[in-house]
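Q: Sharing a structure below in structure tokens format, with a few things to ask.
Where a number appears in this text, it was derived from the coordinates with a stated rule and is not lab data. Bear in mind that the values here come from a model prediction, so they are computed numbers and not experimental data. Counting neighbours? That spans all protein chains shown, and the Cβs are built from the backbone with ideal geometry, glycine included.
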Amino acid sequence: MKQSQIPIKKLLLNCDMGESLGPWSMGMDEQVMPLVDMANIACGFHASDPLTMTRTVLLAKQFGTQIGAHPSYPDLIGFGRRSMQCTPLEITAMVQYQIGALDGICRAHDTGVTYVKPHGALYNDMMQDHDILRAILEAIASYDNKLPLMVLASTDNHKTASIAAEFGVNLLFEAYADRAYENNGLLRPRTQQGAVFHSEQQILEQALLLATEGSVISHDGQRLTLDADTLCVHGDNAESVKAVQHIRNALNKLYQS
């Protein structure tokens, strides 16, 4: 097999965090935070509350982890995974509200939000509906246009980037280590079989393929080229934390070689 000529790209690891709510605990943030570079912190609409947000901000600050706002549709019961019929103005307002809430807590603790990554259905809808993407970009541009928007790396990043350029907002392109891809470059819906990887070896192999060759193999076996800046990992159980540790170790060895 011909060796890939694509240079190894240093991928930052990002993880969804701060998703507990009151007495209900979600995720293993204390174990994962030291392993990742970026923490996507829930802002109260799909999960979290002021105390959880504060604790997560302080944890991120302790380990020098970048803090990202993780806004969603107002869907606590559905964990933000259900699409909602919202006007562009409503989406702009709800995203601004959530960024501001997290950024206010950050400022109170001498730190700040450094990027925005929508959650769940809002993220998926943004990648398929340009009106929703523009509404989110408007929210960021009017709040602080220096905040990059994290979006799904696709086979054509240029199209998304050209829309973001209209608002003067930079993009961070992300790929997933533990999610299956469709042939069109979108994530396989969670309702479909095989959408989420549970095999530690499979997760590690996809992470290394993205780092070394900038590609993934779709659910149907098609090779997709994805130019990503960051790799999303999850740490909501002991097995996933172990996988993140192995990815961190493998990437560190790769970058040092």
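Q: Which of the lysines could be linked to K146 by a straight reach, that is with a Cα gap under 19 Å, when you skip same-chain ones fewer than 8 residues away?
A: K117
Q: Please state the relative contact order of the chain as a whole percent: Cα pairs under 8 Å, 6+ residues apart?
A: Dividing the mean separation by the residue count of the chain yields 20 percent.
Q: Of the options N170, V196, N252, report the single residue whose Cα projects farthest towards the positive end of the charge dipole of the chain (beta-carbon charges: Lys, Arg +1; Asp, Glu -1).
A: After comparing all options, I get N252.
Q: Write out the trypsin sites (Lys or Arg not before Pro) in segment 174-225 meeting two conditions: DSSP loop, and at most 12 other Cβ atoms within 10 Å of their Cβ.
A: Sites meeting the loop and neighbour criteria: R190.
Q: Now a separate question. Can you spot the aspartates and glutamates whose alpha carbon is less than 15 Å from K61's alpha carbon? Ignore those fewer than 8 places along the same chain.
A: Straight-line reach from K61, under 15 Å: D29, E30, D37, D103, D110.
Q: Next question, about the same structure. With a cap of 15 neighbouring Cβ atoms within 10 Å, and only residues DSSP puts in a loop, list the trypsin sites (Lys or Arg not before Pro) found in segment 1-73.
A: K2, K9, K10
Q: Follow-up question, since we're still on this one. With just the Cα atoms defining each centre, how far is segment 68-93 from segment 147-194? Give it in Å.
A: First find each Cα centre; the distance between them is then 18 Å.
Q: Nearest 500 deg cm²/dmol is fine: what mean residue ellipticity at 222 nm does the chain get from its DSSP H runs of n ≥ 4 alone, each adding -39,500 (n - 2.57), divided by its residue count?
A: Here the helix-only value at 222 nm equals -13000 deg cm²/dmol.
Q: Give me the dipole magnitude in Debye, nearest 20, for the chain about the Cα centre, with unit charges on the beta carbon: positive for Lys and Arg, negative for Asp and Glu.
A: 480 debye
Q: Another question, if that's okay. When the dipole is taken about the Cα centre of segment 13-161, and only Lys, Arg (+1) and Asp, Glu (-1) are charged at their Cβ, what size is it in debye, to the nearest 20?
A: Dipole of segment 13-161, to the nearest 20 debye: 120 debye.
Q: For the chain, report the convex hull volume of the alpha-carbon atoms normalised per residue, in Å³, without decimals.
A: Normalising the Cα hull of the chain by residue number yields 127 Å³.
Q: Answer with one residue from V233, P74, G112: the one whose Cα lies farthest towards the positive end of the charge dipole of the chain, charges on Cβ with Lys, Arg +1 and Asp, Glu -1.
A: V233
Q: Order 70-76, 93-99 from most to least packed using the mean count of other Cβ atoms within 10 Å.
A: For the peptides 70-76, 93-99, the packing ranking is 70-76, 93-99.
Q: Select from the chain the helices, each a whole stretch of DSSP H, whose alpha-carbon atoms run 18 Å or more along the helix axis and whose Kyte-Doolittle mean is at least 0.0; answer none if there are none.
A: 50-63, 88-108, 130-144, 200-213
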